[in-house]
Amino acid sequence: MNLYEFQGKELFRKFGIPVPDGYVIKAPEEVRDDIFPAALKAQVLVGGRGKAGGIKFANSREEAINMARDLLSQTIKGSKVKYVLVERKINIDKELYISITIDRSKRRPLVMASTEGGVEIESVEESKIHMKWIDPMHGYSPYIAKILAKKLNLTGDIAKQFSELLSGMSRLFEEYDAELVEINPLVITKEGKLIAADSKVIIDTDSLFRHRDVPVNLDDLTELERYAKEKDYSFVELDGDIGVIANGAGLTMATLDSLLLHGLKPRNFLDLGGTDSVDIVKNAFPLIMKANPKMIFVNIFGGVTKCDTVANGIVLAKKEFGIDKPIVVRLNGVHEEEGRQILKENGIEAFANMPEAVKKVAEIYSRISKGVS
C-alpha cells in the first residue's frame, strides 16, 4: 500500500529522519501564517506531480491560500488532489537520492544511493547509482552507510547525519514490513543539514494488520477494487476480457502469464488465497461479473482450498447469480476427481492440467470473438 508523502514523513519523524516543518490541509482556509516562505505540495499517490504543476511556492498566507485553492482543484494523472502539504521552504545546496527496497532476485533488501537526486531513479545512469545489499541474517550494518557516504562524497558532520538517517530508514523498513522507503530528493541544505525533502513509502498490504497506526489509502484503487477490498478479496482490475479466479498469488500470476502467452488478455487478478469455504468461492463471482468479462477462467490447485469445495462454490454461484458467461475450470489437488465430477454434472468444463484448460479458454474466446456461440 502506498502512503502519501505526509504519511511517510510522519513515519520518518518516528524514526528520527529529519523532515521540514509542515502540516496538512484539506481546505485553503486552513493555511496558517507561521511557515513562510513555504512550499505547497499536492498529495497524490502518483509520480510526476512537479511537472504537472503540483508543487508551488508562497511567500505569504494570502498567496498560499490562493495556491492551495488551485492545487485542491487539480486532478493529477487521474488522481484528485484531496490534501496539500504545507512545508517550510528548504535552502537547497545539493540533492541526493537514497532508498531501501527489495531485490527479489537476491531475496534481500537493497540500499540504493545516488548524487543525482530530484529526478526519477529510472532515468539516472547506472554508473551513478551505488548499491549495497543488507544481509537478512545479520541485518543492517552502519558499515553500509560508511561505504555509501564515501561514494556520495559525504564527509564530516554530513556523513554522520547520513549514517543516522540511513539507520532510521532501515529500522522503518524492517519494523513496518516495507517494500520501499525512498527519499528523493535527500537535501543537503546551505545550513549544513541533511533533510528528507520528499518521502515515498510502500508497505506490504498483507502486513497492515500488524500496523494499526498506518491509515489505509484506497485512493489509488478503482471503485471495483475498493469494493473488493471491503469484501476481503485480493482483486486488481486489468484491461482484458478474461475473468480470472485462482488461489495463491503465484498461481494467479502464472495464470495471467499463461493467458497472455496464448494472446488472451485477463480482465482481472483475483486471488482466493487459502480457503475451504464454499461461500468465499461463490461470492468471488459477483466481483468478476461486475468487471464484465467475456468469459471466466478458474484455476485452482487444491490444498487448503479443496477442489470439491471450489466446485460446489462455482455451481452455487452460477445458479444463484444467473451467470451466463462461459466458465472453464482447472482443478488439481485434494478431491480433484470429486470436484471435476460435480462440475461435469452441472455442465461446466473442468480439466486436470493448466495447458489443456488454457487451450480450451482460447478456443471458446475465439468463438466468442467471431460471434459464434
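In region 239-253, of all residues being touching a helix residue (DSSP H, G or I) at 6+ places or on another chain (Cβ under 8 Å) and among the aliphatic types (A, V, I, L, M), the one that is farthest from Leu270 (Cα to Cα) corresponds to Ile242.
None of Asp324, Asp279, Asp271 is more than 24 Å from the chain's Cα centre (by Cα) and within 21 Å of Lys229 (Cβ to Cβ) except Asp279.
Residues that are outside the structural domain of Leu172 (by TED's automatic domain parsing), part of a strand (DSSP E or B), under 17 Å from Lys200 (Cβ atoms) and aliphatic (A, V, I, L, M) occur at least once in region 50-69.
Rundown of residues vs (1) within 13 Å of Ile100 (Cβ to Cβ); (2) basic (Lys, Arg), yes/no style:
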| site | (1), (2) |
| --- | --- |
| Lys128 | no, yes |
| Lys151 | no, yes |
| Asp157 | no, no |
| Gly192 | no, no |
| Val201 | yes, no |
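With a requirement of 1 or more residues that are of a type in the set (Gly, Ala, Ser), the strands (runs of 3 or more DSSP E) lying completely within region 75-164 that satisfy it span 92-103, 108-114. Being over 19 Å from the mean Cα position of the chain (by Cα) and assigned by TED's automatic domain parsing to the domain that holds Glu116 is a property that does not hold for Leu259. One residue stands out in region 103-116 among those that are out of contact with any Lys or Arg (no Cβ under 8 Å at 6 or more places or on another chain) and surrounded by 15 or more Cβ atoms within 10 Å (Cβ to Cβ): the one that is farthest from Asp70 (Cα to Cα), namely Pro109. Could you tell me which residue of region 282-314 is surrounded by the most Cβ atoms within 10 Å (Cβ to Cβ), considering only residues that are over 21 Å from Lys231 (Cα atoms) and among the basic types (Lys, Arg)? Of everything passing the filter in region 282-314, Lys306 is surrounded by the most Cβ atoms within 10 Å (Cβ to Cβ).
All of (1) buried (at least 17 other Cβ atoms within 10 Å of the Cβ); (2) more than 20 Å from Val334 (Cβ to Cβ); (3) over 25 Å from the mean Cα position of the chain (by Cα) hold for Pro266 with one exception: (3). Every condition in (1) more than 28 Å from Gly371 (Cβ to Cβ); (2) in a strand (DSSP E or B); (3) not basic (Lys, Arg) is met by Thr275 except one, and the failing one is (2).
Would you call Val46 in contact (Cβ under 8 Å) with a residue 60 or more places away in the chain and outside the structural domain of Ile195 (by TED's automatic domain parsing)? Judged against the criteria, Val46 is a match. Does at least one position in region 90-99 carry a residue that is surrounded by 15 or more Cβ atoms within 10 Å (Cβ to Cβ), out of contact with any His (no Cβ under 7 Å at 6 or more places or on another chain) and within 30 Å of Ser234 (Cβ to Cβ)? Checked against the condition, which is being surrounded by 15 or more Cβ atoms within 10 Å (Cβ to Cβ), out of contact with any His (no Cβ under 7 Å at 6 or more places or on another chain) and within 30 Å of Ser234 (Cβ to Cβ), region 90-99 yields at least one hit. Here Ala38 clears all of (1) closer than 27 Å to Glu122 by Cα; (2) in contact with an Asp or Glu (Cβ under 8 Å, 6 or more places away or on another chain); (3) not acidic (Asp, Glu) except the condition numbered (1).
Taking the stated definitions as given, is Ala197 modelled with pLDDT of 95 or more, touching a helix residue (DSSP H, G or I) at 6+ places or on another chain (Cβ under 6 Å) and either among the hydroxyl-bearing types (Ser, Thr, Tyr) or closer than 25 Å to Met131 by Cβ (or both)? No, not satisfied. Yes or no: Val214 at pLDDT 85 or above, β-branched (Val, Ile, Thr), surrounded by 15 or more Cβ atoms within 10 Å (Cβ to Cβ) and within 18 Å of the chain's Cα centre (by Cα)? Judged against the criteria, Val214 is a match.
For Lys231, the conditions (1) touching a helix residue (DSSP H, G or I) at 6+ places or on another chain (Cβ under 8 Å); (2) surrounded by 14 or more Cβ atoms within 10 Å (Cβ to Cβ) are fulfilled apart from (2).
The values are calculated or read from the model by the stated rules, or taken from the named source; none is laboratory data. Here the structure is a predicted model, which is why all the values come from computation and not from measurement. Please note: Cβ atoms are built from the backbone with ideal geometry, for glycine as well, and neighbour counts cover all protein chains shown.
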